[in-house]
Amino acid sequence: MRVRSALVLVALALGGCSGGSATPAPSGSATAAGQPWVVVKPGQATPSATASQYGGVAKPALPPVSFLPPAAGAACKIAWPEYQGQVFIPLQVTPGAGSLTVQWPNRYGSTYRVAAVKQSLVTGAQPEPVWKTVTPGSQCEGSATITGLTSGEAYIVWLDAPDTPRGVDGTRSLYSGRSGVVKPL
């Protein structure tokens, strides 16, 4: 069996598949003997395309667009953080004579609480902070002034928003804020 298949392969290799004819079969396009398959004729370069001058007014590609009014919080002085990873509600604290004025963005129109916590070292039990309740209503920003503070003493202002909602996945919206160290004048 091996000898027969080897002989068939040798015969095909030597004779080809054209039935033993050594001349190729004629094709659909005949060429004269000795002429190359590709004919190259010298010529001139074609001129490059020129831009035509357009007159008139171009039609717009899209219909006219009217933009929606900005979001309610866009005109607010303090922007609400929309990006992930934000931990605290942003605060702006302005020192006054024996007071601190605190401003924050009002996101939910809920009730907020603010307190100024003294940063001096105290031995033993720490004094409870005095919380001031603020209801900003539909205002863009919440604001409160904490009075009765010691001038030049270091404080940190805390903000608590106990009524903030939870998302559908159970995560709670931002519910607290904290300032850096501030000193009343």
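The values are calculated or read from the model by the stated rules, or taken from the named source; none is laboratory data. These numbers come from a predicted model, not from an experiment. No Cβ is skipped: glycine too gets one built from the backbone with ideal geometry, and neighbour counts run over all protein chains shown. Only protein heavy atoms, including side chains, enter the accessible area calculation; ligands, DNA and RNA are left aside. Shrake-Rupley method; radii C 1.70, N 1.55, O 1.52, S 1.80 Å.
Surrounded by 11 or more Cβ atoms within 10 Å (Cβ to Cβ) and touching a Pro at 6+ places or on another chain (Cβ under 7 Å): is that true of residue 104 in this structure?
Values: surrounded by 11 or more Cβ atoms within 10 Å (Cβ to Cβ): yes; touching a Pro at 6+ places or on another chain (Cβ under 7 Å): yes.
It is true that residue 104 is surrounded by 11 or more Cβ atoms within 10 Å (Cβ to Cβ) and touching a Pro at 6+ places or on another chain (Cβ under 7 Å).
Select from the range 107-147 the residues that are out of contact with any strand residue (DSSP E or B) (no Cβ under 8 Å at 6 or more places or on another chain) and either modelled with pLDDT of 90 or more or among the hydrophobic types (A, V, I, L, M, F, W, C) (or both) and list them in ascending order. Show your work before the answer.
Looking only at the range 107-147, we keep the residues that are out of contact with any strand residue (DSSP E or B) (no Cβ under 8 Å at 6 or more places or on another chain), and these are 107-110, 120-126, 128, 137-139.
120, 121, 122, 123, 124, 125, 128, listed by residue number.
Quick check on residue 125: is it within 18 Å of residue 91 (Cα to Cα) and either touching a helix residue (DSSP H, G or I) at 6+ places or on another chain (Cβ under 7 Å) or among the small types (Gly, Ala, Ser) (or both)?
It is false that residue 125 is within 18 Å of residue 91 (Cα to Cα) and either touching a helix residue (DSSP H, G or I) at 6+ places or on another chain (Cβ under 7 Å) or among the small types (Gly, Ala, Ser) (or both).
Among the residues that make up the range 145-156, is at least one of them part of a loop (DSSP other than H, G, I, E, B) and in contact (Cβ under 8 Å) with a residue 60 or more places away in the chain?
Within the range 145-156, none of the residues are part of a loop (DSSP other than H, G, I, E, B) and in contact (Cβ under 8 Å) with a residue 60 or more places away in the chain.
So that you can scan it fast, the table gives a plain yes or no per residue for (1) open to solvent by 40 Å² or more (accessible area, probe 1.4 Å); (2) under 17 Å from residue 185 (Cα atoms); (3) not β-branched (Val, Ile, Thr):
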site: 119; (1), (2), (3): yes, yes, yes
site: 123; (1), (2), (3): yes, no, no
site: 128; (1), (2), (3): yes, no, yes
site: 132; (1), (2), (3): yes, no, yes
site: 153; (1), (2), (3): yes, yes, yes
site: 156; (1), (2), (3): no, yes, no
site: 160; (1), (2), (3): no, no, yes
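Out of (1) in a loop (DSSP other than H, G, I, E, B); (2) farther than 23 Å from residue 77 by Cα; (3) among the hydrophobic types (A, V, I, L, M, F, W, C), the odd one out for residue 117 is which?
Answer for residue 117: the failing condition is (1).
Output the residues belonging to the range 162-172 that are open to solvent by 30 Å² or more (accessible area, probe 1.4 Å) and in a loop (DSSP other than H, G, I, E, B). Before you say what the answer is, go through the steps one by one.
Taking the range 162-172 first, the residues open to solvent by 30 Å² or more (accessible area, probe 1.4 Å) are 162-163, 165-172.
Once the filter is applied, which keeps residues that are open to solvent by 30 Å² or more (accessible area, probe 1.4 Å) and in a loop (DSSP other than H, G, I, E, B), the range 162-172 yields 162, 163, 165, 167, 168, 169, 170, 171.
Considering (1) within 17 Å of residue 176 (Cβ to Cβ); (2) part of a strand (DSSP E or B), say which one residue 108 fails and leave the rest.
(2)
Which of the residues that make up the range 158-180 are under 16 Å from residue 145 (Cα atoms) and of a type outside the set (S, T, N, Q)?
Looking only at the range 158-180, we keep the residues that are under 16 Å from residue 145 (Cα atoms), and these are 158-160, 177-179.
Matches in the range 158-180: 158, 159, 160, 177, 178.
Here is a check on your reading of the model: is residue 84 exposed (fewer than 15 other Cβ atoms within 10 Å of the Cβ), polar (S, T, N, Q) and at pLDDT below 90?
Working: exposed (fewer than 15 other Cβ atoms within 10 Å of the Cβ): yes; polar (S, T, N, Q): yes; at pLDDT below 90: yes.
Answer is yes for this residue.
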